[in-house]
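J.: One structure coming up, written as structure tokens, with questions to follow.
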Amino acid sequence: MSDVNKVMEVARRTAPRELFDHNLVREFVCDGVIYERRPARTPEGEVVDGLYNAWIWLNNPRQYNSYTTEMVKGVIHAFRRASNERDVACVVFTAVGDKAFCTGGNTKEYAEYYAGRPQEYRQYMRLFNDMVTSILTCDKPVINRVNGMRIGGGQEIGMACDFTIAQDLARFGQAGPKHGSAPIGGATDFLPVMMTNEQAMWAGVMCEPFSAHKAYRLGMIIDLVPALKVDGRFVPNPLVWTDRMVDEYGRFVYGEYKTGEAAKEAKALLGRGEVDLSLLDQKVEEYCGKLLLTFPECTTKTIEELRKPKLEAWNRNKEDSRAWLALNMLAEAKTGFRAFNEGDKEIGREIDFVALRKALAQGAAWTPELTEALMPHAGKQR
Ligand SMILES: CC(C)(COP(=O)(O)OP(=O)(O)OC[C@H]1O[C@@H](n2cnc3c(N)ncnc32)[C@H](O)[C@@H]1OP(=O)(O)O)[C@@H](O)C(=O)NCCC(=O)NCCSC(=O)C1=CCCCC1=O
């Protein structure tokens, strides 16, 4: 072991009298994003005096931790702060509660403010792009602690992180083409880097949610832990197959959702249990502890290099994506996000895709009447 006192004595003698502040703004206050400095720990769990990990929390659980415009600003500031704080070793990006890490952009804002206002959405997309870039260029390793579902833009900011550790009830997936958007806030750049192109194609287009175990099987997350406690014992997510890799025909079943009787039984078990994220926290601390025991600059350089496939794709496309998404607020996004916002479980939250395709096949124009007629509540008494 080194002589810690001697090391600190060198630090005292060589450190400048006053350290410069490299932040653009001293403090940014936003209720929707919490910045927490948690004492760093060794892999054995011992607290390390004077070193921290920055835990950045999305705090909008009522709306599944979707990010509002203010929250996007908050995330950018938080990542810049974590980069600049000299005593911060790792960043943990997570969210409040056990339902959702993040389900993307706030559909209420999208439907009630941005719909029909491409110039406003263009400005929003500058912030969104900066948020993704702030994660991909963070000077510290970033762990995404997936406390619950990671959907749409939530999946995009999650995939921008360097590592993902999930509680195994979490669902992953895109939302775009079902809700009037294209998943070009990072998903089309990152998915093909993190799984095969064929799987990325299906995930990006179809928006079918997939399980944490499937994400683990595909190699897009580094670890997962059980979160369901039944009769005091942790059990793996009962909704998916975890005890075998393939079915009798050799097709993958590990991580696929159960159907029929098996699904019914699984739901009953789920109903008897309670969600406990203590193993998730333990696992995240363990990974932070391992990362602590490395040379900081060598680790940063390694991460910067390994981020390049994601970052290069992102940089190549992000400005075009911004322009396209802004104009799309005049047509499909305006309609799709309004449908989600104005619909509900009973009448549905998606438009009638067949009716739209039939109308477009006849050369219909995107008039306000077309949008109204496509709403799930159109023609229904409210
Ligand atoms: C599939 C869902 C994520 C979860 O479905 P379910 O479990 O059935 O829960 P819900 O009843 O739908 O939701 C619970 C309440 O949370 C509200 N909620 C959920 N997501 C959002 C959101 N993103 N914004 C605002 N509020 C949200 C929901 O309304 C419910 O509250 P209520 O009061 O109504 O009971 C499902 O919720 C879902 O599909 N959510 C929307 C996902 C989505 O479309 N996200 C936006 C994708 S687009 C995006 O993120 C983009 C990023 C940048 C680039 C451009 C872009 O499009």
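The values are calculated or read from the model by the stated rules, or taken from the named source; none is laboratory data. In this text, all values refer to a predicted model and were calculated from it rather than measured experimentally. Here the Cβ is made from the backbone with ideal geometry for all residues, glycine too, and neighbour counts use every protein chain on show.
J.: Whether any residue in the stretch 317-334 is in a loop (DSSP other than H, G, I, E, B), in contact with an Asp or Glu (Cβ under 9 Å, 6 or more places away or on another chain), on the phi < 0 side of the Ramachandran plot and of a type in the set (Lys, Arg) is what I want to check.
T.: no
J.: So, one more: Find the residue count for the stretch 39-83, including only residues that are assigned to a strand (DSSP E or B) and in contact (Cβ under 8 Å) with a residue 24 or more places away in the chain.
T.: Total meeting the criteria: 13.
J.: From Tyr216, Tyr254, which residue is touching a Leu at 6+ places or on another chain (Cβ under 6 Å) and either away from the ligand (no atom under 16 Å from the Cβ) or not assigned by TED's automatic domain parsing to the domain that holds Asn147 (or both)?
T.: Tyr216
J.: When you scan the stretch 251-268, do you find a residue that is surrounded by 19 or more Cβ atoms within 10 Å (Cβ to Cβ), free of Cβ contacts under 8 Å to residues at least 60 places away in the same chain, touching a Ser or Thr at 6+ places or on another chain (Cβ under 6 Å) and assigned to a loop (DSSP other than H, G, I, E, B), even just one?
T.: Yes, there is a match, as at least one residue in the stretch 251-268 is surrounded by 19 or more Cβ atoms within 10 Å (Cβ to Cβ), free of Cβ contacts under 8 Å to residues at least 60 places away in the same chain, touching a Ser or Thr at 6+ places or on another chain (Cβ under 6 Å) and assigned to a loop (DSSP other than H, G, I, E, B).
J.: Within the stretch 187-205, how many residues are more than 18 Å from the chain's Cα centre (by Cα) and assigned to a helix (DSSP H, G or I)?
T.: Applying the first criterion (more than 18 Å from the chain's Cα centre (by Cα)) to the stretch 187-205 yields 196-199, 201-202.
After this cut, where a residue has to be assigned to a helix (DSSP H, G or I) as well, the list is 197-199, 201-202.
Adding up the residues that qualify gives 5.
Listed here are the residues, each with its yes/no results for (1) within 15 Å of the ligand (Cβ to nearest atom); (2) at pLDDT 95 or above; (3) touching a helix residue (DSSP H, G or I) at 6+ places or on another chain (Cβ under 8 Å); (4) aliphatic (A, V, I, L, M).
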| residue | (1), (2), (3), (4) |
| --- | --- |
| Lys140 | no, yes, yes, no |
| Met149 | yes, yes, no, yes |
| Gly158 | yes, yes, no, no |
| Ile165 | no, yes, yes, yes |
| Gly173 | yes, yes, yes, no |
| Gly185 | yes, yes, yes, no |
| Leu191 | yes, yes, yes, yes |
| Ala200 | no, yes, yes, yes |
| Pro238 | no, yes, yes, no |
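J.: Another question, then. Being in a loop (DSSP other than H, G, I, E, B), surrounded by 13 or more Cβ atoms within 10 Å (Cβ to Cβ) and assigned by TED's automatic domain parsing to the domain that holds Trp55 narrows it down to one of Thr294, Thr242, Thr299, so name that one.
T.: Exactly one of Thr294, Thr242, Thr299 is in a loop (DSSP other than H, G, I, E, B), surrounded by 13 or more Cβ atoms within 10 Å (Cβ to Cβ) and assigned by TED's automatic domain parsing to the domain that holds Trp55, namely Thr294.
J.: Examine the stretch 271-283 for a residue that is surrounded by 14 or more Cβ atoms within 10 Å (Cβ to Cβ) and over 30 Å from Gly45 (Cα atoms), and state whether such a residue exists. Lay out the reasoning, then the answer.
T.: Taking the stretch 271-283 first, the residues surrounded by 14 or more Cβ atoms within 10 Å (Cβ to Cβ) are 273, 275-277, 279-281, 283.
Of the ones still in play, those that are also over 30 Å from Gly45 (Cα atoms) are none.
No, because not a single residue in the stretch 271-283 is surrounded by 14 or more Cβ atoms within 10 Å (Cβ to Cβ) and over 30 Å from Gly45 (Cα atoms).
J.: Also: Just give me the residues in the stretch 84-117 being surrounded by 18 or more Cβ atoms within 10 Å (Cβ to Cβ), touching a Leu at 6+ places or on another chain (Cβ under 7 Å) and without any contact (Cβ under 8 Å) to a residue 60 or more places away in the chain, in sequence order.
T.: Ala95, Cys102, listed by residue number.
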